[in-house]
1. Rounded to the nearest 500, what is the 222 nm mean residue ellipticity of the chain from helices alone, with -39500 (n - 2.57) per DSSP H run of 4+ residues and division by all residues?
2. Charges at C-beta only: +1 for Lys and Arg, -1 for Asp and Glu. How large is the resulting dipole of the stretch 1-115 about its Cα centre, in Debye rounded to 20?
3. If a helix is a whole DSSP H run, which ones in the chain reach 20 Å or further along their own axis (Cα) and hold a mean Kyte-Doolittle hydropathy of at least 1.0?
4. Using a 1.4 Å probe and counting only protein heavy atoms, arrange W165, W61, W209, W218 so the residue with the most accessible area comes first.
5. So if each residue of separation counts as 0.36 nm, and I subtract the Cα-Cα distance between R125 and L197, what length gain in nm does that give?
6. Within the chain, what is the number of lysine pairs with alpha carbons under 29 Å apart, leaving out pairs fewer than eight places apart on the same chain?
7. Where the only charges are on Cβ atoms (+1 Lys, Arg; -1 Asp, Glu), what is the dipole of the chain about its Cα centre, to the nearest 20 debye?
8. Test of understanding: given the chain, find the longest segment containing no trypsin sites (Lys or Arg not before Pro) that are in a DSSP loop and have at most 16 other Cβ atoms within 10 Å.
Amino acid sequence: MIKYTEYKYHLAALFTVTVWGATFVSTKVLIANSLTPAEIFLLRFAMAYVCILPFARGRMWAANLRDELLLAAAGLSGGSLYFLTENMALEYAPASNVSLIVCTAPVWTAVVMSLFYRGERMSRRQIAGSALAFAGMVLVVLNGHFVLRLSPRGDMLALSAAMLWMVYSLVIKRLGGRYPAIFITRKVFFYGLVTILPVFAFRPFGADWEVLSRPVVWGNLLFLGVVASMLCYVLWNAAMHRLGAVRTTNYIYFNPLVTIVAAALCIGERITLAALAGAALILYGMWRAERA
């Protein structure tokens, strides 16, 4: 059962995945304006880092080298490497494959957390609710097209992205009780930026001022940098600390639902009855899991 004091953290997680689901449309718009995935990531995280600095003054480094290395691992797993593997997967595999595989992150997180943290073990009701939510997510991702084409390279990249988000969840679980969410988020942005830079040695930054000055480009970059990155990473990390990694990560099942709604509203994609049934399953599964 959701405790009254936890409602704001559930709302924070729900708001975050709602925004993250809409980022798919923004990213497609930016790619259509000739920006590469690496350039989009660099610009959004740089903007997020600059915006968060006034709110994260004071402590610059973690208390010890081990924690600083964990923060670097968070920036790599939940930042640069996650976004690169996800976007590279889309080059080799259909979007439905990628979405379905990446959204298995809650499953892997629950399995690993149950092995290492007794307090994160799921009850039977939570397992049943999560399974229903997962089934609903599958229906939403397929959106009435029940054909998946195997693409080993793309599918493995998508699975790598899911595993990277699991690693990010583990790291945030480890650090959440010792540092404020806003400090952790600032460090994630910093190390995400540092670890994306080597990519530009192979493919130099090519976005020129004419492209960046377009209202549709800087408008979407503002959304990705300020809302989807700065605000949402702070909210997500705070929810992870309060609700636990498993309960928070389960909200990722809502992500494809938001994506297809945003795509229907913004770029005219069709929503099928199967997707609507999947949405109902997600809502029921999450409700059932939280009644435990």
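1. -22500 deg cm²/dmol
2. Using only the charged Cβ atoms, the result is roughly 360 debye.
3. The answer, listed by residue number, is 7-32, 37-52, 124-142, 181-196, 273-290.
4. Details: W165 15, W61 150, W209 195, W218 125 Å².
These residues rank, largest area first, as W209, W61, W218, W165.
5. Length gained, R125 through L197: 21.5 nm.
6. Lysine pairs, 8 or more places apart or on different chains, close enough: 5.
7. Around 1000 debye, computed over the chain.
8. After excluding every exposed loop site, the longest remaining stretch is 179-269.
The values are calculated or read from the model by the stated rules, or taken from the named source; none is laboratory data. Quantities reported herein were computed from a predicted structural model and do not represent experimental measurements. Here Cβ is always computed from backbone atoms with ideal geometry, including for glycine, and neighbour counts include all displayed protein chains. Calculation scope for accessible area: heavy atoms of the full protein, side chains included, ligands and nucleic acids excluded. Shrake-Rupley method; radii C 1.70, N 1.55, O 1.52, S 1.80 Å.
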